[in-house]
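Trainee: Below: one structure in structure tokens.
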Amino acid sequence: MSGKSGPPGTRRRLEKSTSANIPHRPGKGRSASILIAANRALTAIGYVAYPLLLALLALCDGGLLVRCIVVPAVGFALCTIIRSAVNAPRPYEAPGASAPLIPKDTCGHSFPSRHTFCMVTIACTWLEWALATGGAAWWAALVGGALLVASVAMGIMRVAGGVHFARDVIAGAVLALTVCAVGYQAIPWTSFPF
């Protein structure tokens, strides 16, 4: 068990609930294995897509590079602060809940979904590159659109896998869209010296 998060006593509650109250799912089957693999693959796509974008921007557009670092970083910090403040329980923490299909053993910090937040933010950042170039980087819009589809798939998998409620995933997506709309479109970046 990882005692990474949650207020004092939360780990004990989770250990008690996982050992006593959550019926384990022996032989989860092939569908659970596919769900776990797909969740890992989509997470890995995010880990590759964002640094790749930053590397391309470093070569092509240094001014946009700063924006594409600052906006996601501020959003990630905001998402993390909200998660800590709300500290909403996860579906598998409810009395009588089933063990999650996606391996997870932390308590709380479910709302909003940070996986969804990050994937939507990465997608919007690729789309920002396409918008900022006036369509010259049209292929960045294709990547951003594909990542938005991957974000939806990831959100569905996180709910189906039992590690988030639908509200967590929706809130993560809405927060990401809001942060990106404000950070990329509402802030007058041309007035900054970079």
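The values are calculated or read from the model by the stated rules, or taken from the named source; none is laboratory data. These figures come from a predicted structure and were not determined experimentally. FYI the Cβ positions are ideal-geometry reconstructions off the backbone, even for glycines, and counts take in every protein chain you see.
Here's the yes/no breakdown for (1) under 14 Å from Ala49 (Cα atoms); (2) of a type in the set (S, T, N, Q); (3) modelled with pLDDT of 95 or more:
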site	(1), (2), (3)
Val86	no, no, yes
Ala97	no, no, no
Gly134	no, no, no
Gly144	yes, no, yes
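Trainee: Out of all the residues in region 133-169, which are out of contact with any helix residue (DSSP H, G or I) (no Cβ under 6 Å at 6 or more places or on another chain), part of a helix (DSSP H, G or I), among the hydrophobic types (A, V, I, L, M, F, W, C) and touching a residue at least 24 places away in the same chain (Cβ under 8 Å)?
Mentor: Ala153, Ala160
Trainee: While we're on this one: Which of the residues that make up region 44-59 are surrounded by fewer than 15 Cβ atoms within 10 Å (Cβ to Cβ) and in contact (Cβ under 8 Å) with a residue 60 or more places away in the chain?
Mentor: None - no residue of region 44-59 is surrounded by fewer than 15 Cβ atoms within 10 Å (Cβ to Cβ) and in contact (Cβ under 8 Å) with a residue 60 or more places away in the chain, so the list stays empty.
Trainee: Answer yes or no: is there a residue in region 82-90 that is assigned to a loop (DSSP other than H, G, I, E, B), of a type in the set (A, V, I, L, M, F, W, C) and closer than 20 Å to Gly155 by Cα.
Mentor: Yes, because at least one residue in region 82-90 is assigned to a loop (DSSP other than H, G, I, E, B), of a type in the set (A, V, I, L, M, F, W, C) and closer than 20 Å to Gly155 by Cα.
Trainee: Buried (at least 23 other Cβ atoms within 10 Å of the Cβ) and not charged (D, E, K, R), is that true of Val120?
Mentor: Considered against the rule, which asks whether it is buried (at least 23 other Cβ atoms within 10 Å of the Cβ) and not charged (D, E, K, R), Val120 comes out as yes.
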